[in-house]
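In what follows, a structure is listed as structure tokens, so that the remarks can point back to it.
The values are calculated or read from the model by the stated rules, or taken from the named source; none is laboratory data. Predicted model, so just to flag it, every value in this text is computed and none were measured. Positions of Cβ are generated from backbone atoms using ideal geometry, with glycine treated the same way; all protein chains shown enter the neighbour counts.
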Amino acid sequence: MIKLLYFAGIRDLTGVPEEQAPLAGRTVGELMEWAEDKYPGIREGGARVAVNEEYALDGDVLTEGDTAAFIPPVSGG
Amino acid sequence: MIKLLYFAGIRDLTGVPEEQAPLAGRTVGELMEWAEDKYPGIREGGARVAVNEEYALDGDVLTEGDTAAFIPPVSGG
Amino acid sequence: MSIYEITDKPIDPQRYADHVLRPEAGAVVTFTGHVREWTKGIRTLYLSYEAYVPMAEKKMAQIGREIGEKWEGTRIAIAHRIGELDVGEVAVVIAVSSPHRKAAYEANEYAIERIKQDVPIWKKEIWETGEQWIGDQNKKPEVRNP
Amino acid sequence: MSIYEITDKPIDPQRYADHVLRPEAGAVVTFTGHVREWTKGIRTLYLSYEAYVPMAEKKMAQIGREIGEKWEGTRIAIAHRIGELDVGEVAVVIAVSSPHRKAAYEANEYAIERIKQDVPIWKKEIWETGEQWIGDQNKKPEVRNP
């Protein structure tokens with residue numbers, strides 16, 4: 001299983017801060033498609049995905065036990 | 001009379017922090033010459049003269065009661 | 001040694017400035033970002049910050065390493081607050097010391113630019129008329145009284 | 001309203017940062033200049049600063065006015081200490097607030113450059129091997145152990 005984390009405006013959209021999904025072996029790009037199916041509009045805001053606390057590329061493959069976080073555009077400072 | 005003020009390395013040279021001199025009517029340039037006669041070497045360090053707390057030009061004329069300060073290169077900060 | 005922290009407590013900037021001071025430091029530049037009351041004609045009541053805390057601290061430490069490589073002899077501390085902040089409160093502090101001042105200014109400004117690019121922290125502005133998460137893709141509401 | 005002061009007491013930088021903060025300020029940049037232990041291979045024991053106090057305060061206020069004209073919406077406070085200072089102590093503090101950060105960094109750096117040009121303050125470095133007034137025209141002694 002992959003642990004998914006949602007923050008800020010994306011969490012407002014998903015309605016939950018985190019969940020588990022059977023996405024091991026899938027790419028980050030495929031994760032995005034899966035998320036867009038479940039939460040239409042999630043890609044619109046320009047979110048990036050971080051895997052195990054590092055920004056990931058669309059081609060990176062998820063491994064069992066990974067944590068993938070949806071990072072909407074940041075606005076710290 | 002003109003009140004003369006000496007600071008830092010220039011005060012080390014003059015040996016006094018201040019004195020009075022009958023220089024009313026003289027220019028700042030003439031003040032410099034007077035000072036160089038009395039304290040040889042005083043011009044070497046590149047000091048500026050401030051009259052009444054404003055940097056002055058060589059041609060500015062001293063008026064009775066003015067305060068003229070010898071300002072060696074500053075090194076604050 | 002270095003400080004890179006997300007905190008839900010009020011930030012005392014002097015603590016970070018003191019932390020980076022060393023005998024070989026001639027200059028310390030401290031930046032604090034504050035909750036501003038007015039932004040583009042909209043009055044902010046308060047802000048709410050959220051962070052992906054472990055990743056945010058990791059990213060701030062990475063920015064610190066970048067700075068250590070770019071400006072030799074600097075030392076840096078960064079903290080960002082989360083939770084609800086009132087107008088005037090410190091949201092972020094960056095303190096940089098260096099032997100000479102130019103590096104301290106440059107490294108400090110670099111740090112805030114990088115924080116705004118990459119550190120997973122989000123700001124929600126709460127106005128009299130509503131609230132919104134702020135991000136590059138979002139727009140503020142129209143100004144009612146320009 | 002503004003602070004431009006020469007003081008013979010230890011400087012508390014936070015006091016100046018607090019002074020410039022206002023509800024419309026999103027950024028405060030605070031610079032502190034410290035007594036450095038080593039300069040070009042020479043170990044400083046302590047520094048002694050002297051000022052032409054009334055002119056120095058007047059010149060600092062003038063720099064403040066220049067900054068107000070160049071960077072709208074900034075607010076500034078400057079203090080410089082005189083007397084004997086130990087390694088690490090604060091010699092000068094400059095605090096600048098502004099609505100947005102870029103002006104605060106720029107105005108702050110401008111202030112220290114201008115102070116070093118025009119404000120009648122002099123530094124004497126006291127080393128193990130002697131002492132010297134520091135100025136543009138002076139040179140440090142040769143390094144004995146390069």
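Matching residues to (1) charged (D, E, K, R); (2) assigned to a strand (DSSP E or B); (3) in contact with a helix residue (DSSP H, G or I) (Cβ under 6 Å, 6 or more places away or on another chain):
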site: D:TYR16; (1), (2), (3): no, no, no
site: D:VAL29; (1), (2), (3): no, yes, yes
site: D:GLY33; (1), (2), (3): no, yes, no
site: D:ARG36; (1), (2), (3): yes, no, no
site: D:ARG43; (1), (2), (3): yes, yes, no
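When the range D:28-48 is filtered for residues that are facing another protein chain (nearest Cβ under 7 Å) and of a type in the set (D, E, K, R), the ones remaining, listed by number, are D:ARG36, D:GLU37. When the range D:43-56 is filtered for residues that are buried (at least 18 other Cβ atoms within 10 Å of the Cβ) and of a type in the set (A, V, I, L, M), the ones remaining, listed by number, are D:LEU47, D:ALA51, D:MET55, D:ALA56.
Out of C:GLU66, C:GLU72, which single residue is more than 7 Å from every other protein chain (Cβ to nearest Cβ) and under 18 Å from C:HIS19 (Cα atoms)? Checking each option against the conditions leaves just C:GLU72.
The set of residues from the range B:34-77 being farther than 22 Å from D:ILE134 by Cα and in a loop (DSSP other than H, G, I, E, B) comprises B:ASN52, B:ALA56, B:LEU57, B:ASP58, B:GLY59, B:ASP60, B:LEU62, B:THR63, B:GLU64, B:GLY65, B:ASP66.
Please work out if A:ILE42 is β-branched (Val, Ile, Thr) and either free of Cβ contacts under 8 Å to residues at least 12 places away in the same chain or within 14 Å of chain C (Cβ to nearest Cβ) (or both). Here the answer is yes, as A:ILE42 does meet what is asked. Being more than 8 Å from every other protein chain (Cβ to nearest Cβ) and part of a helix (DSSP H, G or I), is that true of even one residue in the range C:119-134? Checked against the condition, which is being more than 8 Å from every other protein chain (Cβ to nearest Cβ) and part of a helix (DSSP H, G or I), the range C:119-134 yields no hits at all.
Checking the conditions here, which among A:VAL74, A:VAL61, A:VAL49 is more than 11 Å from the chain's Cα centre (by Cα) and within 30 Å of C:HIS34 (Cα to Cα)? Exactly one residue qualifies, and that residue is A:VAL74. The conditions of being in contact with a helix residue (DSSP H, G or I) (Cβ under 9 Å, 6 or more places away or on another chain), touching a residue at least 40 places away in the same chain (Cβ under 8 Å), assigned to a helix (DSSP H, G or I) and aliphatic (A, V, I, L, M) are not met by D:ILE94. Quick check: is even one residue across the range D:57-67 under 28 Å from B:ALA50 (Cβ atoms), part of a strand (DSSP E or B) and among the acidic types (Asp, Glu)? No - not one qualifying residue is present in the range D:57-67. Of all residues in the range A:1-45, those satisfying the criterion of being of a type in the set (Asp, Glu), at pLDDT 95 or above and under 17 Å from A:ASP58 (Cβ atoms) are A:GLU30, A:GLU33, A:GLU36, A:ASP37.
Here D:VAL28 clears all of (1) buried (at least 24 other Cβ atoms within 10 Å of the Cβ); (2) under 18 Å from D:GLY135 (Cβ atoms); (3) touching a Leu at 6+ places or on another chain (Cβ under 7 Å) except the condition numbered (2).
All of A:VAL16, A:VAL49 fail the test of being touching an Asp or Glu at 6+ places or on another chain (Cβ under 9 Å) and either among the aliphatic types (A, V, I, L, M) or touching a residue at least 12 places away in the same chain (Cβ under 8 Å) (or both), apart from A:VAL49. Out of C:ALA51, C:ALA25, which single residue is small (Gly, Ala, Ser), over 23 Å from C:GLU89 (Cβ atoms), touching a strand residue (DSSP E or B) at 6+ places or on another chain (Cβ under 7 Å) and within 10 Å of another protein chain (Cβ to nearest Cβ)? None of the other options fit; the residue is C:ALA25.
Checked against (1) surrounded by fewer than 19 Cβ atoms within 10 Å (Cβ to Cβ); (2) closer than 28 Å to A:LEU13 by Cα, C:GLY88 meets all criteria but (2).
Residues in the range C:35-84 that are farther than 23 Å from C:TYR110 by Cβ, of a type in the set (Asp, Glu) and at pLDDT 95 or above: 2 in all. When D:GLU109 is tested against (1) within 19 Å of B:ILE71 (Cβ to Cβ); (2) charged (D, E, K, R); (3) surrounded by fewer than 23 Cβ atoms within 10 Å (Cβ to Cβ); (4) touching a helix residue (DSSP H, G or I) at 6+ places or on another chain (Cβ under 6 Å), exactly one condition is not met: (1).
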